[in-house]
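Everything on this sheet refers to the single structure shown next.
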Amino acid sequence: MGGLVSNENMGCVALTYSLLAMLNRISNRIKCDFDYIIFEYDQDYSENKFDELRQYFKLSRNQIQYAPIGYYDLNNPKLFLKKARINFKTLHDIKRCDVVIDITQGDSFSDIYGEERFFRLSNIKYVAEILQIPFILGPQTYGPFMKQKVEKFARKIINKANLVVSRDTKSAMYLKELCDKDIYVGTDLAFGLPYNDEYATSGKLKVGINPSGLLCNKKNEKTDLNTALSADYDQYVLELINCLKERNFDIYLIPHVGEDGVNSFSEIEGVNTHPEFSNPIEAKSFISSMDIFIGARMHATIAAFSSGVATIPTAYSRKFAGLYETLDYKYVVDLTRDNTSEALQQTMRYVDAYLELKKSSKYSMQKVKKIYDAMEDKIQKEIEKIVNNRRSK
């Protein structure tokens, strides 16, 4: 649950690919075949995207199945479970599961994207738990929960889970104040996403910029996140491109969610624009060919960071600081704190020190590998308990 396949957000889909890669390794080690049911909204479903996923993991149609999540319809209440606001088909698919792993698109177990989205993604968790299906909250960011009723419902779900894994220390500390539950601190699943090192290098230094459609004035997603910024995001990106052009860098505008915010800046002379990607492995493979990457989508920065690129995350929420502080990586530009001029100056200081960033990221990735392996072992042990319990019956 909460792992997308058909969506245009390569970060969310990267979590699905990475989680399946982990589960396949666990399946081989414990000698138990896994079949997968992926819950996704029916209006987003793409059979081609599911076939692409099956082909990559060499799994059959029966081994990776799609389960639709219908929206609650007030005009047809008989078709839905009123309290849970999910339809009976979804309920049937939940009952088929031996274990549920929920990753809530990485950062959506919160009401920062709105109360409606929180409940839409959380009601299904609650149903799985009241059906007493073993439930794992996989690596993700938790909170903030700004409304009291949201916090109360989130606490109920977290306390009922068999295992709760945070992808950063900040989230774990936040939950310890909120819940009576042991929280395991891991890291982001997307650090384990594979990629292909297939792009040729050029004579110039290549700088990738990932302008986020969440933050641009011409947004392709409905959100008020740019109102929380201290920097004028569009102005920041424009001035950043001009600074990089003056230094004769090879500049690429790289989307990570559909066309992202690329169209807001694609008409600037002297920049290269990459079209949207088909899957997260394709996206990471291209990002890995950059020398420097400046990104506002967190999973775009993870793709760069984990493939050895000098990475400058431009943060719009605490999830960036939470993740990178855990890795002892300090080269984050905070758009919620710095004004436009400060953010630009800090970014260019990091660009000038890009070799230092590469060295730091290499050191951090050694730490990531240890955390990732330990997290995988923790999830494996929980799944083994479930498998052994089922076999004993």
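The values are calculated or read from the model by the stated rules, or taken from the named source; none is laboratory data. Everything numeric here is computed off the predicted structure, so don't read it as measured data. Positions of Cβ are backbone-derived with ideal geometry, glycine not excepted, and every protein chain shown enters the neighbour counts. Just the protein is used for accessible areas: all its heavy atoms, side chains included, with ligands, DNA and RNA removed. Shrake-Rupley method; radii C 1.70, N 1.55, O 1.52, S 1.80 Å.
Among the criteria (1) at pLDDT 95 or above; (2) touching a Lys or Arg at 6+ places or on another chain (Cβ under 9 Å), the one THR336 does not fulfil is (1).
The set of residues in region 198-239 being outside any loop (DSSP other than H, G, I, E, B) and either crowded, with 22+ Cβ neighbours inside 10 Å or modelled with pLDDT of 90 or more (or both) consists of LYS206, VAL207, GLY208, ILE209, ASN210, TYR233, ASP234, GLN235, TYR236, VAL237, LEU238, GLU239.
Could you list all residues from region 27-57 that are under 29 Å from LYS385 (Cα atoms) and over 21 Å from the mean Cα position of the chain (by Cα)?
SER27, ASN28, ARG29, ILE30, LYS31, CYS32, ASP33, PHE34, ASP35
Each residue in region 306-342 was checked for being aromatic (Phe, Trp, Tyr), out of contact with any Pro (no Cβ under 8 Å at 6 or more places or on another chain) and either within 16 Å of GLY11 (Cα to Cα) or surrounded by fewer than 19 Cβ atoms within 10 Å (Cβ to Cβ) (or both), and 1 of them qualify.
With the requirement that a residue be part of a helix (DSSP H, G or I), open to solvent by less than 60 Å² (accessible area, probe 1.4 Å) and out of contact with any Pro (no Cβ under 8 Å at 6 or more places or on another chain), what does region 240-277 give you? Walk me through it before giving the result.
In the first step, residues of region 240-277 are kept if they are part of a helix (DSSP H, G or I); the result is 240-246, 262-264.
Subset that is open to solvent by less than 60 Å² (accessible area, probe 1.4 Å): 240-241, 243-244, 262, 264.
Within region 240-277, LEU240, ILE241, CYS243, LEU244 meet the criteria.
Considering (1) surrounded by fewer than 19 Cβ atoms within 10 Å (Cβ to Cβ); (2) among the aliphatic types (A, V, I, L, M); (3) in contact (Cβ under 8 Å) with a residue 60 or more places away in the chain, the lone condition that ALA353 does not fulfil carries the number (3).
Quick check on this structure: which one of LYS370, LYS378, LYS362 is touching a strand residue (DSSP E or B) at 6+ places or on another chain (Cβ under 9 Å), open to solvent by 60 Å² or more (accessible area, probe 1.4 Å) and in a helix (DSSP H, G or I)?
Every option except LYS378 fails the conditions.
Scanning region 151-173 for residues that are under 13 Å from GLY138 (Cβ atoms) and open to solvent by 60 Å² or more (accessible area, probe 1.4 Å) turns up just one, ASN162.
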